[in-house]
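Below is one structure; the comments refer to it alone.
The values are calculated or read from the model by the stated rules, or taken from the named source; none is laboratory data. Keep in mind it's a predicted model, so treat the numbers as computed, not measured. All Cβ positions, even for glycine, are placed from backbone atoms using ideal geometry, and neighbour counts span all protein chains on display.
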Amino acid sequence: MTTATTGPTADRTAGNAGKGGKAGKAKPATMAQALQRAMRDAMAEDPTVHVMGEDVGTLGGVFRVTDGLAKEFGEDRCTDTPLAEAGILGAAVGMAMYGLRPVVEMQFDAFAYPAFEQLISHVAKMRNRTRGAMPMPIVIRVPYGGGIGGVEHHSDSSEAYYMATPGLHVVTPATVEDAYGLLRAAIASDDPVVFLEPKRLYWSKSDWSPEAPAAVEPIGKAVVRRRGTGATLITYGPSVPVCLEAAEAAQAEGWDLEVVDLRSLVPFDDETVCASVRRTGRAVVVHESTGFGGPGAEIAARVTERCFHHLEAPVLRVAGFDIPYPPPMLERHHLPGVDRVLDAVARLQWEAGS
Amino acid sequence: MTTATTGPTADRTAGNAGKGGKAGKAKPATMAQALQRAMRDAMAEDPTVHVMGEDVGTLGGVFRVTDGLAKEFGEDRCTDTPLAEAGILGAAVGMAMYGLRPVVEMQFDAFAYPAFEQLISHVAKMRNRTRGAMPMPIVIRVPYGGGIGGVEHHSDSSEAYYMATPGLHVVTPATVEDAYGLLRAAIASDDPVVFLEPKRLYWSKSDWSPEAPAAVEPIGKAVVRRRGTGATLITYGPSVPVCLEAAEAAQAEGWDLEVVDLRSLVPFDDETVCASVRRTGRAVVVHESTGFGGPGAEIAARVTERCFHHLEAPVLRVAGFDIPYPPPMLERHHLPGVDRVLDAVARLQWEAGS
Amino acid sequence: MQQRSSTVQEPPGAVPAYRPTPPPAWQPRTDPAPLLPDTEPLRVLGTDAVADADPALLLRLYAELIRGRRYNTQATALTKQGRLAVYPSTHGQEACEIAAALALEERDWLFPSYRDTLAAVARGLDPVQALTLLRGDWHTGYDPHEHRIAPLSTPLATQLPHAVGLAHAARLKGDDVVALAMVGDGGTSEGDFHEALNFAAVWQAPVVFLVQNNGFAISVPLAKQTAAPSLAHKAVGYGMPGRLVDGNDAIAVHQVLTEAVARARRGGGPTLVEAITYRIDAHTNADDATRYRAAGEVETWRAHDPILILERELTERGLLDEDGRRAAAEAAETMAAELRERMNADPVLNPMDLFSHVYAEQTTQLREQAAQLRAELEAEGEA
Amino acid sequence: MQQRSSTVQEPPGAVPAYRPTPPPAWQPRTDPAPLLPDTEPLRVLGTDAVADADPALLLRLYAELIRGRRYNTQATALTKQGRLAVYPSTHGQEACEIAAALALEERDWLFPSYRDTLAAVARGLDPVQALTLLRGDWHTGYDPHEHRIAPLSTPLATQLPHAVGLAHAARLKGDDVVALAMVGDGGTSEGDFHEALNFAAVWQAPVVFLVQNNGFAISVPLAKQTAAPSLAHKAVGYGMPGRLVDGNDAIAVHQVLTEAVARARRGGGPTLVEAITYRIDAHTNADDATRYRAAGEVETWRAHDPILILERELTERGLLDEDGRRAAAEAAETMAAELRERMNADPVLNPMDLFSHVYAEQTTQLREQAAQLRAELEAEGEA
Ligand SMILES: Cc1ncc(C[n+]2csc(CCOP(=O)(O)OP(=O)(O)O)c2C)c(N)n1
Ligand SMILES: Cc1ncc(C[n+]2csc(CCOP(=O)(O)OP(=O)(O)O)c2C)c(N)n1
Ligand SMILES: [Mg+2]
Ligand SMILES: [Mg+2]
């Protein structure tokens, strides 16, 4: 992985979540704006960066994340493609073969599925296939997850598919700062990155300054968002705010919870995660994706393998149910919320252990 | 799930693996023949069963699994389709809507990927979408796994993708008997079944008799293939013979291993698996699929959740490396073999425990 | 493997003069000429052909268009009242929606895209049921078998192979059922469009593909979607006829679709129909169409409004007077009032439904999860 | 949302007579006529046109065909000796393979399908490197940038959008590079074929699509693959020209491809070329072609062998004599002997390579796994 060069990596630990590192004077920016800015800065710095997808040009994307890019860089740099996801990603592969760095937008999670073959059989494997001669510096931006009242096919959490595919990086920001930093790092990476954007955080704000973006995070480092001693909540993306809230609420019940934001599912930061779990002795993995065969399975399994004798209780999982994503009016029953996280924490066998 | 009606469910436990239940007189049959026979019997019994795919008609499939079906039932019942996997599965969806029971053959694992959207967004979700009004009794047969010297794209293990998709059943036989029984059950099921056929077992034999097929297994039941007391090897499909061999070899080193063949990844038979692990106190999950985010992650995580206080050591995983499937000349280094299984067994902290 | 020595090893000797032969297997498989669409979209209204049109049908179309327009305005209003999560309007495209519904017999099947709730309603589906997906209480609000309307398909073009499969299955079963599948201009770029049309032609399945070319896929204009002479020209590449029709001319669309349906029914195979129309509203209520198109363009199309041009024709011919207009408007108003009222009632929801239809039989895992939710709901209820 | 009251609410009054106007946005976008392929595949050999052909080119093609045929027989022999895991032969299709390679300039790119190792070799790639995939020591045995040959693509039609993307990128960069992508008749049914051709036409990318219609996709004959008049007719649906050519007439294929490449290079956009040919061998050495086709069919095609018909032409015109034939055969024999010898050497394998190229930088996880394998290998070495 390459780290872009706009500044030193900020030390992000407890309490830093959702707040800008340095520029106190800055006015609040949204995650969508930070993402836009990351693309803009990358495009300005590097003429090989090309943004492409459905409605990314004139409209600026259905979430307005590419707003203004076509105007600023022209339609050849920010291109409205025909409506065909396999074609988009397949064309991006060819562009990457010729030295460009395509940033592809998939309009919604479920609409990335037509591109599955291109992703699995080419994007993920091309570097390996050619012994490194044909790297695939492609970013595939996928708005994912629910909580926005989207009708069917608009709220899938598809990270398990990508995690199970060697050759891909899988990255997802939870804060405005990370949205910028991680997307810059993803674009700078010589490897393909599936960049999962938590839709319902698009409009979350922080006083991060688009004018003086602080740090570009390297890919592959988890971060402790909140320090605690009793148990570790391991989470990412849209579930980070939920866990932080749960940790606050838990305080009242006498549990001091640590919250780890993975930021990158692949590569996985065993070090940070295991250090935390060894410290706390208990862990709950929290995500929106369905539980069975979901990301939490890998996380629970590997944490258990590495920290078995530090564990006072099995690593528990709080996840979406093993059902197709519900219709808008029922989604709140599906999404892991604070209560469900606290219920899991309560089941961490507090009597038995320390 | 529906169970077809050709006979009572055989009680399959230790020692029964690879041997026909009843007909001692029968001459050996291969798994490919058993699969063919399952389709033939289902087609003869039920005129709504239709086989379709690339080269399944005149040629009888590249593995000859559909050999003779077009001749016996006509090209309308066993159809060579145009070369387009999404089209095949999409057409099957429409056929199922009109009351047929399509059995779709994907030629190789990686060539099922073009059908991913149809599978995830329709096949898996249609019943739920319509509150049960439009069930999808479709079987998607996918030859999977390696060990046959196949060039790139011919040896993928894609079960993790399907496991992570609610609405699908995921089934895989390891014996000739199960190939028949599970495929009959899959065709009889009113739910979509991804039926994963371990390619390298296609020519494995048993004295199972195609003329008097014994039992049709219900979907969702694991089976103990070998009884043991020291540790449980949890496995399925192509890795079952490997584990049975490893268990034999382990005997010499003083380990008495139990081997559980899952047969069905979805639904998952927690009862059989956990009963075994609680008995033995140790477990290793073995599969060919890559480890990270692979099937073993879910298995290890759920076994740990359910059996934590019975475990003397963390549940370990022996899996393919987290790499694209290797070229033929290197695949033996990737595939979990007896030695790697024994190494994992050795790491089960025998000193620490009972 | 049939390995033979290469031709080059043959002794040369007296070489017979080479005279061209076509490649042995080659023969023109079908004559492309009848497959090609006309260069101008078919129009009936305002042409001599309208004289042949059945007045009763014209009036029926008129009443349905009025009702359809009112349905569109009402559904859009419901989004503003928060009663619908989202609504993709067919304002301006009502002629296609209505004609698609009316071209089919009862036993036929309709495969609508996400935009085509109006076609479903015109086919007889209860409007509230048609809007379930967009209200958000469930995904599909009706039993597809009841009116033979497949679920509204959100993933673009994916419903086309379903239509082919269903039509094929019906034909195998000996039923003379036709499937009509709807898709947008943008949807024609998807691989599923290609695969569906190819399967349909190879199988000679009784299916009609209706492309509503409304000029845009969200913000992307047709010129960025295709370079083809017309979308109907794609038909020839599959070996099926392509038809081009003015999508705002209700009787023309009806005629083209009826012919295509009849052709499919008598075993003549599939047809691709491109209807040229325009989406007057934004993509959905959540979209801002001013970002990608000029108001003037919309105005031009208002002058070619499907209701306007049919109404003028009917009036000119004395088929429609003030009373007729009022009657149609009142019927539409009644429908709208009822829809408004029924949509204002909160739908009855049962969260436990989330676990009821994932599989024919609940798995152990789902039973456990259902129990968890039930416990939570009970605890909530107590609190 | 631009919500207006429906037209029906307008006061009727004096209705102006309706006169038909075409739908406002409608205009025939391009003339389809020049896009349609000729009804007969283009032939040059044995026609008057051959008189215009450059004798040097004819002789070059001849030598390459001879070498190509020998390459096919040698590679097939290597499967029998266990030196190749599998080989999909192009026996009978050599004219297409050779012409594709020769039609390109050095700076151009070739996108071969899994069958097209011969085209890669004819373009200058070392045959041993070309066969790496099929020998099984690695996936792609060459650096694609060296000869500008993309990896042989096994997933059918997936290489077509790559060719489009590369050609588009080159054009954006101002390089006059053309991409030529090869695909089989079966591959045209895949969604990726459709999406690639559509992107190419919309972007006017400098790319040429060569469909080798060899009559079969493994066992499935063309009639079960498509109902189109010809595969070249698909071009019109994308707004690009379709060309039909006798795929066994090397000079004809060369001519059509050269023209298409030149057209692409001067900014004229993509072309779809269908070459009618035949696969004389089975699908691969593992296939048994007698299961799905009659021997007689194969014999008919042998009479239309690409070498045979070129050889006769050359002989007739006095361009080729016994010496010329012998020289070509000897050159081919030398190539074959060298290939055989080099392929008989066991490739040097390093299992640790499995972890070297998954990512630019090894992840911690892969480092751990590499260490495990290294330890195993060391233990093995000790044992
Ligand atoms: C496979 C897929 N990709 C993307 C989308 C997102 N999307 C919804 S509607 C739309 C535009 C559709 O345009 P068109 O096919 O012309 O239909 P129209 O909206 O004009 O009726 C897009 C891109 C989708 N629903 N499905
Ligand atoms: C996406 C995909 N589906 C299926 C296959 C398996 N397969 C390999 S070759 C082949 C037939 C290809 O036929 P055609 O495109 O005509 O090429 P040809 O073999 O005749 O050169 C098939 C089905 C594949 N390689 N890729
Ligand atoms: Mg449109
Ligand atoms: Mg072919």
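This table checks each residue for (1) at negative phi; (2) at pLDDT 95 or above; (3) within 15 Å of the chain's Cα centre (by Cα).
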| site | (1), (2), (3) |
| --- | --- |
| B:167 | no, yes, no |
| B:171 | yes, yes, yes |
| B:174 | yes, yes, yes |
| B:192 | yes, yes, yes |
| B:201 | yes, yes, yes |
| B:212 | yes, no, no |
| B:220 | no, yes, yes |
| B:237 | no, yes, yes |
| B:245 | yes, yes, no |
Item to complete: Scan region D:60-78 residue by residue and report those that are more than 8 Å from chain C (Cβ to nearest Cβ), farther than 11 Å from residue D:335 by Cβ and of a type in the set (Ser, Thr, Tyr).
Response: D:62
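Among the residues in region B:103-122, are any in a loop (DSSP other than H, G, I, E, B), more than 14 Å from chain C (Cβ to nearest Cβ) and either touching a Cys at 6+ places or on another chain (Cβ under 9 Å) or on the phi > 0 side of the Ramachandran plot (or both)?
No: region B:103-122 contains no residue that is in a loop (DSSP other than H, G, I, E, B), more than 14 Å from chain C (Cβ to nearest Cβ) and either touching a Cys at 6+ places or on another chain (Cβ under 9 Å) or on the phi > 0 side of the Ramachandran plot (or both).
Is it the case, given these coordinates, that residue D:126 is out of contact with any helix residue (DSSP H, G or I) (no Cβ under 8 Å at 6 or more places or on another chain) and more than 16 Å from ligand 4 (Cβ to nearest atom)?
Answer is yes for this residue.
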Practice prompt. Being facing chain C (nearest Cβ under 7 Å) and closer than 16 Å to residue D:214 by Cα is the filter here, so list the residues in region D:299-311 that pass it.
Written response: D:300, D:301, D:304, D:305
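Yes/no matrix, rows are residues, columns are (1) of a type outside the set (Lys, Arg); (2) surrounded by 24 or more Cβ atoms within 10 Å (Cβ to Cβ); (3) within 8 Å of another protein chain (Cβ to nearest Cβ); (4) not in a helix (DSSP H, G or I):
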residue: A:284; (1), (2), (3), (4): yes, yes, no, yes
residue: A:287; (1), (2), (3), (4): yes, yes, no, yes
residue: A:296; (1), (2), (3), (4): yes, yes, yes, no
residue: A:312; (1), (2), (3), (4): yes, no, no, yes
residue: A:324; (1), (2), (3), (4): yes, yes, yes, yes
residue: A:333; (1), (2), (3), (4): yes, no, yes, no
Worksheet item: Do you know which of the residues in region C:176-188 that are under 15 Å from the mean Cα position of the chain (by Cα) and more than 8 Å from ligand 1 (Cβ to nearest atom) is farthest from residue B:114 (Cα to Cα)?
Response: C:178
Worksheet item: When you look at residue A:91, is it farther than 13 Å from residue C:292 by Cβ and within 16 Å of ligand 2 (Cβ to nearest atom), yes or no?
Response: no
Worksheet item: Can you name every residue in region A:201-255 that is over 26 Å from residue A:317 (Cα atoms), surrounded by 19 or more Cβ atoms within 10 Å (Cβ to Cβ) and among the aromatic types (Phe, Trp, Tyr)?
Response: A:208
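To keep it simple, each residue is scored yes or no on (1) crowded, with 24+ Cβ neighbours inside 10 Å; (2) at negative phi; (3) in contact (Cβ under 8 Å) with a residue 24 or more places away in the chain; (4) not small (Gly, Ala, Ser).
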residue: C:148; (1), (2), (3), (4): no, no, yes, yes
residue: C:153; (1), (2), (3), (4): yes, yes, yes, no
residue: C:171; (1), (2), (3), (4): no, yes, yes, yes
residue: C:196; (1), (2), (3), (4): yes, yes, yes, no
residue: C:222; (1), (2), (3), (4): no, yes, yes, yes
Discussion item. With the structure loaded, tell me whether residue A:141 is away from chain D (no Cβ under 14 Å), closer than 16 Å to residue A:189 by Cα, crowded, with 23+ Cβ neighbours inside 10 Å and away from ligand 3 (no atom under 16 Å from the Cβ) or whether it fails that test.
Written reply: yes
Discussion item. Here is a check on your reading of the model: is residue C:252 closer than 21 Å to residue D:234 by Cβ and either within 16 Å of ligand 2 (Cβ to nearest atom) or hydrophobic (A, V, I, L, M, F, W, C) (or both)?
Written reply: no
Fill in: Considering residues of region C:355-372 that are in a helix (DSSP H, G or I) and touching a helix residue (DSSP H, G or I) at 6+ places or on another chain (Cβ under 6 Å) only, the residue farthest from the other protein chains (Cβ to nearest Cβ)
C:370
Discussion item. Is it the case, given these coordinates, that residue D:287 is touching a helix residue (DSSP H, G or I) at 6+ places or on another chain (Cβ under 8 Å), among the acidic types (Asp, Glu) and farther than 28 Å from residue A:167 by Cβ?
Written reply: no
Practice prompt. Would you be able to say whether some residue in region D:212-235 is touching a Lys or Arg at 6+ places or on another chain (Cβ under 6 Å), farther than 23 Å from residue D:148 by Cα, away from ligand 2 (no atom under 16 Å from the Cβ) and facing chain C (nearest Cβ under 7 Å)?
Written response: yes
Worksheet item: Which condition number does residue D:63 fail, the rest of (1) within 23 Å of residue D:157 (Cα to Cα); (2) in a helix (DSSP H, G or I) being met?
Response: (1)
Worksheet entry | Enumeration of residues in region C:283-296 that are within 9 Å of chain D (Cβ to nearest Cβ) and surrounded by 15 or more Cβ atoms within 10 Å (Cβ to Cβ) | C:284, C:285, C:287, C:289
Worksheet item: Restricting the first residue to region B:93-109 and requiring it to be hydrophobic (A, V, I, L, M, F, W, C) and modelled with pLDDT under 95, which pairs with a second residue that is in a loop (DSSP other than H, G, I, E, B) and within 16 Å of ligand 1 (Cβ to nearest atom) meet a Cβ separation below 7 Å and a spacing of at least six or different chains?
Response: none
Worksheet item: Out of curiosity, is residue B:146 surrounded by 24 or more Cβ atoms within 10 Å (Cβ to Cβ), of a type in the set (Gly, Ala, Ser) and either more than 20 Å from residue B:90 (Cβ to Cβ) or in contact (Cβ under 8 Å) with a residue 24 or more places away in the chain (or both)?
Response: yes
Discussion item. Quick check on region C:260-282: of everything there that is out of contact with any Ser or Thr (no Cβ under 8 Å at 6 or more places or on another chain) and more than 11 Å from chain D (Cβ to nearest Cβ), which residue is nearest to ligand 1 (Cβ to nearest atom)?
Written reply: C:273
Discussion item. Give me the residue from region D:180-211 that is among the polar types (S, T, N, Q) and within 13 Å of ligand 2 (Cβ to nearest atom) and, out of that set, nearest to the other protein chains (Cβ to nearest Cβ).
Written reply: D:189
Discussion item. With the requirement that a residue be surrounded by 14 or more Cβ atoms within 10 Å (Cβ to Cβ) and either more than 16 Å from residue D:57 (Cα to Cα) or more than 11 Å from chain C (Cβ to nearest Cβ) (or both), what does region D:317-326 give you?
Written reply: D:319
Fill in: Unmet criterion (only one of (1) touching a residue at least 60 places away in the same chain (Cβ under 8 Å); (2) surrounded by 21 or more Cβ atoms within 10 Å (Cβ to Cβ)) for residue D:329
(2)
Worksheet entry | region D:187-219: number of residues that are within 15 Å of ligand 4 (Cβ to nearest atom), touching a Pro at 6+ places or on another chain (Cβ under 8 Å) and not in a strand (DSSP E or B) | 3
Discussion item. I want to confirm something. Restricting to region C:192-211 and keeping residues that are of a type in the set (A, V, I, L, M) and under 15 Å from residue C:153 (Cβ atoms), which single residue is farthest from ligand 3 (Cβ to nearest atom)?
Written reply: C:207
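Picking from C:219, C:189, which residue would you name as being closer than 20 Å to residue D:161 by Cα and within 14 Å of ligand 3 (Cβ to nearest atom)?
Of C:219, C:189, the one residue that is closer than 20 Å to residue D:161 by Cα and within 14 Å of ligand 3 (Cβ to nearest atom) is C:189.
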Worksheet item: Quick one: residue A:187 ticks every box in (1) surrounded by fewer than 24 Cβ atoms within 10 Å (Cβ to Cβ); (2) farther than 23 Å from residue A:292 by Cα bar one, so which box is it?
Response: (1)
